[in-house]
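Laboratory data are not the source of any read-out in this text; all were calculated from the coordinates shown. What you see is a predicted model, and the numbers here were worked out from it, not measured in a lab. Here the Cβ positions follow ideal geometry from the backbone for every residue, glycine too, while neighbour counts run over all protein chains shown.
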Amino acid sequence: MPDDLPPWIQQQCGAVGHRLRDLRRERGLMQMQLGTRAGIDTKTISRIENGRHPTSIGQIARLARALDVPSYRLFHDGP
């Protein structure tokens, strides 16, 4: 994670990563499987889940599509 990002953005990246991991696990997917579905490198999936990669809107959209959830689910818990 770049050090020049404000702390609140770093916290949000961590929260998105945790939600991504939870959703992936709920669907019984490995990081490699999610990466293949989303067209994102497995290492990047790992970095996102660990809050070490500031995720782009495009990546959010591709991950949500791969998980078959609306994009907002990566930002907020719930239905």
- Residue-wise HN-Hα coupling along the range 27-36, computed from phi with Karplus coefficients 6.51, -1.76, 1.60 (Hz; x: Gly, Pro): 8, x, 9, 7, 4, 4, 5, 5, x, 5
- Note on the structure: About its Cα centre, the range 17-74 carries a charge dipole, from +1 on Lys and Arg Cβ atoms and -1 on Asp and Glu Cβ atoms, whose size in debye to the nearest 20 is 40
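What FRET efficiency, computed as 1/(1 + (r/R0)^6) with R0 = 30 Å and r the Cβ-Cβ distance, is obtained for Thr36 and Trp8, rounded to the nearest 0.05?
0.40
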- Using amide H atoms built 1.01 Å from N in the peptide plane, name the residues 5+ places from Val69, or on other chains, whose amide H lies under 5 Å from its own. none
- Task: Determine the calculated [θ] at 222 nm for the chain from helices alone, applying -39500 (n - 2.57) to every DSSP H run no shorter than 4 residues and normalising by the residue count; nearest 500 deg cm²/dmol.
- Result: -18500 deg cm²/dmol
- Note on the structure: In the chain, taking the dipole from +1 charges on Lys and Arg beta carbons and -1 charges on Asp and Glu beta carbons about the Cα centre, the listed residue (Pro70, Leu29, Ala15) farthest towards the positive end is Leu29
- Global geometry of the range 1-67, whether rounded, prolate or oblate, following the gyration tensor of its Cα atoms and the 1.5 cut on a/c: prolate
